[in-house]
Every structure is written in C-alpha cells, then in structure tokens.
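Just below is one structure, and these are the notes that go with it.
Derivation of every value follows stated rules applied to the coordinates shown; laboratory data play no part. Please read these numbers as outputs of a predicted model, since none were measured by experiment. Glycine gets a Cβ as well: all are built from the backbone with ideal geometry, and neighbour counts include every protein chain shown.
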Amino acid sequence: MKIIDGKALAETMQEKLKNRVDKLKGKGIQPGLAVILLGENPASQVYVRNKERVAAKLGLKSEIVRLPDTISEAELLDLIESYNNDISWHGLLVQLPLPPHISEEKVLLAISPEKDVDGFHPINMGKLWSGSPLMIPSTPAGIMEMFRAYGVELSGKKAVVIGRSNIVGKPMAQLLMMANATVTIAHSRTENLSELTRSADILVVAIGQDRFIKAEDVKAGAVVIDVGMNRDENGKLHGDVDFEQVKEVAGLLTPVPGGVGPMTITMLMEQTIRAAETSMK
Ligand code: GUN
C-alpha cells in the first residue's frame, strides 16, 4: 500500500503557482482573493485562516471580510456586488454554511461566475456538467490532481463516490465521468452500501462520518480517497475512512490530515491565479 502525500503534492504545486504569481506581478497584476465570513463557526474560522495563510505564502492579495451573522441578506448581497465590480479582486467566495435567515441560493447566484473560485454558481455547475468547465469546486479538482500525480488510471474503471453534495460528491462524479470512469454516486440512504464500495476500483468518501469505511468495505488494491474531517472527543482529526484498517487492503490511500485538505486550498489558489491571468486577456 502506498500513501498519497497530499501535503507534499500541494507544496510542489504551490511552487509552480508562486512562479505564475510572480509573472503576473511583473505585469503589474497581483491576484486577489476576497473571502466573506459570517459569524463565529469554529470550523469556518479555521478554513478561512488557512486560505489566508496560503494566499499570503503565494504572494496573493487576500482579505477576510468578517461580518456579524446578524447582517441582513440585502447588505450581504450589496457587499458581494461591490466586490464583483472591483477589478482588483479576481476571486470571491462566501464561506458556507450561512445563517438561516440568508438564502444560500441567492448568495451563490450573486457572485460573478468569473470570480466564483469555489465553482458553486449555477452557471459554473452547469458548465461543468455540460462538459466545458470554467470554475471547478476545489476539493474534487484537487483529487483529480492527485490521480494525475500518482498515475491512477481512471478510464474504464469503476468509481464509487459516497456523498452527493454540490461541493464534493456531485462535481467529483462528473470529473470522474469526464475521465471515462464508470461512476456510481452513493449516499446515506444507499442500500447494500458495503457491497457497492467493495466493487469500486476508485472509492471517494465524503459522507461526514468518523472512520465509517472499514477494511471489509474496500476491494483489495483499490484507490481510496478520504474527504472526511471529523474531530473526536479529544480534538484529534479523523477521516471518513478507518485509515489503520483500510491501509492493509487499499493500493493507494489518502491520510487525514495531510491528504485532500492541502490540495483543496491549493486548487482554490490556482483558480484565483487563473482568474487573474484570464482578466488580462
Ligand atoms: N464550507 C465548507 N467547504 C467550503 C468551501 O469549499 N467553500 C466555501 N465557500 N464554504 C465551504
């Protein structure tokens, strides 16, 4: 069994991204990423801080706009519009989840598709599903980079994605289909899930349940990608895959932490830099 080192791969990619940033700066453009964060959700705070740290490391301009979660929907939409119209920001995202009085659908629709580095706008989702992607959600984009870097053959293979979210499961399935895999999307209501996962050459797990996938759920030699981020009562981070068990069965496996997470942030930066490059054309 080989471990997919997401941290090392992210470092390698970030060095190349830094060169692209330097090139842009030489032409007088600094790629800019604006992140809007409402309220005090602890997980969101960590994610947003990590985005800011990597942006600074690569030489991007970044700003976290911290707002109270009592802000009105209209105020938030006005703020998004002001970032849409400011050419010094190439990427804009609103950290999810949002408080219940704000419509996620309205917020995602308000972000200019060209600046939507999360790829959550319906136009970007539609472009991905019709086969001509512009902005792609970062987590599945990062997983595709892992497959490329580790020479994982996808064409003709049986891929099972557990999780049907717009952020991970659905775009992951479409990217795998575009790479000619045969894809099944499973979720919390799927019957005979273990039988299905045991048939997978490629298994992507984004179900949000601590160490849910066990050795007996995995085919010998399979490629297993763990998108989970679950904290136990001691604050220790675990994936959706029981790493200690599954490492005895899988052919390739991502750890948590140090697997998908670092790649997700790297791809977010890549899309911001690409948006800045596109803005010059
Ligand atoms: N919340 C959890 N993951 C994400 C993400 O990738 N983007 C945003 N905007 N919010 C999130």
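Summary of computed values
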read-out	value
Residue within the stretch 95-104 that is within 13 Å of the ligand (Cβ to nearest atom), farther than 25 Å from residue 55 by Cβ and assigned to a helix (DSSP H, G or I) present	no
Some residue of the stretch 162-178 being more than 13 Å from the ligand (Cβ to nearest atom) and among the hydroxyl-bearing types (Ser, Thr, Tyr)	no
Those residues of the stretch 80-134 which are within 18 Å of residue 167 (Cβ to Cβ), in contact with a strand residue (DSSP E or B) (Cβ under 9 Å, 6 or more places away or on another chain), aliphatic (A, V, I, L, M) and in contact (Cβ under 8 Å) with a residue 40 or more places away in the chain, in sequence order	92, 93, 94, 98, 102, 117
Contacts under 7 angstrom Cβ, first residue in the stretch 6-29 being closer than 12 Å to residue 54 by Cβ, partner part of a helix (DSSP H, G or I) and hydrophobic (A, V, I, L, M, F, W, C), 6 or more apart	10/263; 14/58; 17/58; 17/269; 17/273; 18/58; 21/58; 21/273
Considering residues of the stretch 125-151 that are within 17 Å of residue 8 (Cα to Cα) and out of contact with any helix residue (DSSP H, G or I) (no Cβ under 7 Å at 6 or more places or on another chain) only, the residue surrounded by the most Cβ atoms within 10 Å (Cβ to Cβ)	147
Qualifying residues in the stretch 258-274 (those that are away from the ligand (no atom under 15 Å from the Cβ) and not β-branched (Val, Ile, Thr)) - the one nearest to the chain's Cα centre (by Cα)	259
Those residues of the stretch 133-186 which are in contact with a Gly (Cβ under 7 Å, 6 or more places away or on another chain), among the small types (Gly, Ala, Ser) and on the phi > 0 side of the Ramachandran plot, in sequence order	163
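Table: residues versus (1) within 14 Å of the ligand (Cβ to nearest atom); (2) more than 16 Å from residue 83 (Cα to Cα); (3) touching a helix residue (DSSP H, G or I) at 6+ places or on another chain (Cβ under 9 Å).
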| residue | (1), (2), (3) |
| --- | --- |
| 22 | no, yes, no |
| 25 | no, yes, no |
| 29 | no, yes, yes |
| 64 | yes, no, yes |
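Okay, residues lined up against (1) surrounded by fewer than 19 Cβ atoms within 10 Å (Cβ to Cβ); (2) under 30 Å from residue 73 (Cα atoms); (3) within 18 Å of the chain's Cα centre (by Cα):
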site	(1), (2), (3)
3	yes, no, no
7	yes, no, yes
11	yes, no, yes
18	yes, no, no
23	yes, no, no
49	yes, yes, yes
56	yes, yes, no
